[in-house]
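Enquirer: Below are the structure tokens for one structure; questions will follow.
Read the figures in this text as sums done on the coordinates, not as results from a lab. For clarity, every value in this text was computed on a predicted model and none was experimentally measured. Glycine gets a Cβ as well: all are built from the backbone with ideal geometry, and neighbour counts include every protein chain shown.
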Amino acid sequence: MMITEPARQVALHGEYEVAVLGGGPAGILAAASAARNGARVLLIERYGFLGGMGTAAGVSNFCGLHANVHGHIRQVVHGMTDELLDRMRALDGLNAPHLILGKIHAQAYDISAFKCAADGLVQACGVELLFHALATGTARDADGRLDTLFLETKSGRRAVRARVFIDCSGDADLAHWAGLPYEKGDEAGHMMYPTLMFKVGNVDGVRAQEAWKTIPTLMDQAQASGEFTFPRRGAIVRPQKHDYEWRVNVTQLANRDGSAADGTDAVSLSAAELEGRRQIVDYLSFLRAKVPGFEQAYILDIAPQLGIRETRRVVGQYMLTREDVLGCADFPDSIGVNGWPLEIHAAGDVQWVWPPIPESRGYNQLPLRMIVPRQGPGIPDNVLVAGRCASMTHEGQSAARVSGSCFVMGEAAGTAAALALRAGIAPAQLAPQALQQQLERQGVFLGAREQSRETALQ
Ligand SMILES: Cc1cc2nc3c(=O)[nH]c(=O)nc-3n(C[C@H](O)[C@H](O)[C@H](O)COP(=O)(O)OP(=O)(O)OC[C@H]3O[C@@H](n4cnc5c(N)ncnc54)[C@H](O)[C@@H]3O)c2cc1C
């Protein structure tokens, strides 16, 4: 049944050149780069802090900053991301890179340091922030361009006007309301499963040693003996900066029919939050009973929200695919690179698929076309999309959804928006070369097409 809501007048919060929806990895870089390039920018975030899944979902680990280049691991994401990392380092909030599955690096971080460093970066660039503002709808002008974003705030309903909108909501909320085409899940509608992340404290780091190597076997044994059942294999249990504090990525949340809990469905989300906490309590019992060094561990923190890997993905001018990732694809309109492999969170399992090591250069370029929605009748030309809801197939997204690629897409989207405004054209009309030149000036590594092995190793 539907209820008719009476029409009402909405107060205008402000008018901007660029409005960025969502303050996750993509939104932080989109807002910062648009403002750095001279645009008047509002960054809108439903929580009271930035970081997206990286803070609100307790991720606390950057993947995708590095690639395995012919058997040697090196950082391939730079540009304004380096400024964010420097700010985190200055807060003593960034670990040295660690090896994952013997093949690639990730970098653990302190969640509070990410929040504070992100605040610092966007403020230094001149971004205006509006926290505690949940975007709930859009309106168009007489020419069909997107004109207004509606927000629910503690001050009541508000409207924000902008000339360019960048959807960094992770769930393509803005694109959904604006009528842009999107996909959800694979051909059968299956999405990556979400995880409720948690941290345990009071671990005896000396006795725990490299427990992440032994835990999978201990889990198999505990499951075989019938003592414990686990929602999935492929647990990721790693120490943070101090070895008495470990993060645990092991829960897996499904609907009653076994399909992945849906991050765009309030009922599904509610059930998953409850089930996630139940799984966490259960897993702590396993850690305490079976893993040396964890006997006195306790739940230090459960992430404020369920970690959502995949919901809507906008259909853009190009969709990044599995083959692009595994074949280390080149694109003439590169905006940066992704060095993370396919990481597929399927029912009960996590599957990894890598580009050939050491034969391949280990990263694919990311095309500008994946952040530009496919144009057509009725599609507004003043929207860009960056981050995990950008234009990728289900499997392509399993790789390029990680923080490193989201930073890359965000910096490109913000820079593109500012350049397009300066040129008086729609973002979809921007020539890639103009954007690439500016991104290179900002220090972005575009993944040179004919890069020699020697250059790649520098
Ligand atoms: C459990 C889990 C573990 C992961 N592990 C890793 C890892 O180890 N390393 C790694 O690099 N990546 C990891 N990832 C992936 C990575 O964290 C995300 O893909 C990445 O954060 C996506 O960035 P984003 O900016 O596109 O979106 P998000 O991080 O999802 O940010 C979107 C932001 O938009 C806001 N928002 C959404 N809708 C609205 C709205 N309507 N109004 C206002 N604000 C809104 C949200 O609050 C959020 O801040 C993991 C993800 C999950 C779920």
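Enquirer: Treat the count of other C-beta atoms within 10 Å as a stand-in for reagent exposure and order V353, V76 from fewest to most.
Expert: V353, V76
Enquirer: Would you work out which of G276, L84, A260 lies farthest towards the positive end of the dipole of the chain? Charges go on Cβ: Lys and Arg +1, Asp and Glu -1.
Expert: Result: L84.
Enquirer: So, one more: If you project the alpha carbons of the range 41-109 onto the principal axes, what extent comes out on each, in Å, largest first?
Expert: 41, 24, 21
Enquirer: Next up: Which shape class, rounded, prolate or oblate, goes with the range 105-209 when its Cα gyration tensor gives a ≥ b ≥ c as root eigenvalues, a/c under 1.5 marks rounded, and past that a/b bigger than b/c marks prolate?
Expert: oblate
Enquirer: Would you order L269, L274, L421 from fewest to most other beta-carbon atoms within 10 Å of each residue's own beta-carbon?
Expert: If I rank by nearby Cβ atoms, fewest first, I get L274, L269, L421.
Enquirer: Something else now. Mind checking which aspartates and glutamates have their Cα closer than 18 Å to the Cα of K103? Skip sequence neighbours fewer than 8 apart in that chain.
Expert: Correct list for K103: E210, E343, E359.
Enquirer: When the dipole is taken about the Cα centre of the range 348-429, and only Lys, Arg (+1) and Asp, Glu (-1) are charged at their Cβ, what size is it in debye, to the nearest 20?
Expert: That gives a dipole near 200 debye.
Enquirer: Using only Cα atoms and rounding to the nearest 10 degrees, what angle (0 to 90) does helix 266-290 make with the longest principal axis of the chain?
Expert: 30 degrees
Enquirer: Go through the range 2-17 residue by residue and turn each phi into a ³J(HN,Hα) via Karplus (6.51, -1.76, 1.60, θ = phi - 60°); whole Hz please, and just put x for glycine and proline.
Expert: Computed from phi, the couplings for the range 2-17 are 10, 10, 7, 8, x, 5, 8, 7, 10, 5, 7, 6, x, 10, 9, 7 Hz.
Enquirer: Within 10 Å, count the other beta carbons around each residue, average over each peptide in 171-180, 130-139, and list them highest first.
Expert: 171-180, 130-139
Enquirer: Averaged over all directions, how much area does the convex hull of the C-alpha atoms of the range 326-458 cover when projected, in nm²?
Expert: Computing the convex hull of the Cα atoms and averaging its projections yields 9.3 nm².
Enquirer: For the range 320-458, give the share of DSSP beta bridges that are antiparallel, in percent and rounded to the nearest 5; count only bridges with both residues there.
Expert: 90 percent
Enquirer: Using Cα pairs closer than 8 Å and at least 6 residues apart in sequence, work out the relative contact order for the chain, in percent.
Expert: Once divided by the residue count of the chain, the mean separation gives 23 percent.
Enquirer: Helix 432-441 versus the longest principal axis of the chain: what angle, 0 to 90°, nearest 10, using Cα atoms?
Expert: The angle comes out at about 60 degrees.
Enquirer: Kindly state, as a whole number, the per residue volume in cubic angstrom of the convex hull around the alpha carbon atoms of the chain.
Expert: Hull volume over Cα atoms, normalised by residue count, gives 148 Å³.
Enquirer: Please report H190, H78, H66 as a ranked list, fewest other C-beta atoms within 10 angstrom at the top and most at the bottom.
Expert: In order of increasing Cβ crowding within 10 Å: H190, H78, H66.
Enquirer: Leaving out same-chain residues fewer than 8 places away, which lysines sit with a Cα under 21 Å from that of K290?
Expert: K290 reaches K199, K213.
Enquirer: Give the Rg/Rh ratio for the range 198-302, taking Rg as the radius of gyration of the Cα atoms and Rh as the Kirkwood radius, to two decimals.
Expert: That ratio is 1.00, to two decimals.
Enquirer: What is the local net charge at L129, summed over the other residues whose Cβ is closer than 9 Å to its Cβ (Lys, Arg +1; Asp, Glu -1)?
Expert: Result for the local shell: -3.
Enquirer: I've got another one for you. In Å, the Kirkwood hydrodynamic radius of the range 1-60 over pairs of distinct alpha carbons?
Expert: Kirkwood radius, the range 1-60: 13.6 Å.
Enquirer: Net charge around A418, counting only other residues with Cβ within less than 9 Å of its Cβ (Lys, Arg = +1; Asp, Glu = -1)?
Expert: Charge balance near A418 sits at +1.
Enquirer: Okay, next question. Taking the range 53-169 on its own, what percent of its Cα-Cα pair distances exceed 20 Å?
Expert: The answer is 58 percent, as a whole percent.
Enquirer: Mind checking which lysines have their C-alpha under 29 Å from K154, skipping anything on the same chain fewer than 8 residues away?
Expert: Within the straight-line limit of under 29 Å, K154 reaches these lysines: K115.
Enquirer: What order do you get for 211-218, 82-89 when each peptide is scored by the mean count of other beta carbon atoms within 10 Å, highest first?
Expert: Per-residue mean Cβ counts within 10 Å order the peptides as 82-89, 211-218.
Enquirer: Please report the relative contact order for the range 198-302, taking Cα pairs under 8 Å with a sequence separation of at least 6, and give it as a percent rounded to a whole number.
Expert: Here the relative contact order equals 40 percent.
Enquirer: To the nearest 10 degrees, how steeply does helix 80-90 sit against the main Cα axis of the chain, on a 0 to 90 scale?
Expert: 50 degrees
Enquirer: Share of antiparallel DSSP beta bridges in the chain, in percent to the nearest 5?
Expert: The answer is about 70 percent antiparallel.
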